[in-house]
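Have a look at this one before I ask anything.
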Amino acid sequence: MPSDDTCGELLVRLSDMQAVIKSFRQDVPVTGSRAGLMCLVALRRCGELRIGRLAELLEVDQSVASRHVADLEVHGMVVRIPNPSDGRSWYVRLTPDGDRAAGDALAHIRRRLAETLGEWTDEEITELSALLARLRVSFDAHRARVPHPSRTAQTVKGNR
């Protein structure tokens, strides 16, 4: 079991990463909304998705994801495809323009990251990537085992 001091130091470093991530997000040239860009990137990574799954990946409410998808659809970046097994739901798919916009943004971020990590070795970057992936797996596993108070409260409210 890790010590409180070790976890405290990790918490400080994770907080520092918020500034790094914010800097990268602000640096991406975007013609639409940054949230819309995150939708495009998620769709590029995962392929076509139902709106509910997209909302889960982005950790936003389904209504928020639906608004972003509607905006992206108006701009020709995504299309909605009826779910063949459930006529009440839809899949969202990138258009060629949406795929290009997501690809351009990711290429820009990769270039900036390569510039930022110019003094790092590929082995160090690979090690950090593996540790971050392991942290995410541990986080998701813990989250699945231990209900979050706000999610529990919403479930209770919804069942009344």
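Only the coordinates and a few stated rules stand behind these numbers; no lab work does. In this text, all values refer to a predicted model and were calculated from it rather than measured experimentally. When we count neighbours, we look across all protein chains shown, and the Cβ atoms used for this are built from the backbone with ideal geometry, even at glycine.
Suppose every Lys and Arg Cβ carries +1 and every Asp and Glu Cβ carries -1, with no other charges. What dipole size does segment 1-61 come out with about its Cα centre, to the nearest 20 debye?
460
Quick one: dipole size for segment 9-107, taken about the Cα centre, charges +1 on Lys/Arg Cβ and -1 on Asp/Glu Cβ, in debye to the nearest 20.
Around 120 debye, computed over segment 9-107.
5 Å is the cut-off here: which amide hydrogens, built 1.01 Å from N in the peptide plane, fall below it relative to Arg50, excluding neighbours closer than 5 in sequence?
Residues meeting the criterion, in which the H sits 1.01 Å from N, are Val92.
Which of the GluC sites (Glu not before Pro) across segment 76-150 are loop residues per DSSP, with 13 or fewer other Cβ within 10 Å?
Sites meeting the loop and neighbour criteria: Glu119.
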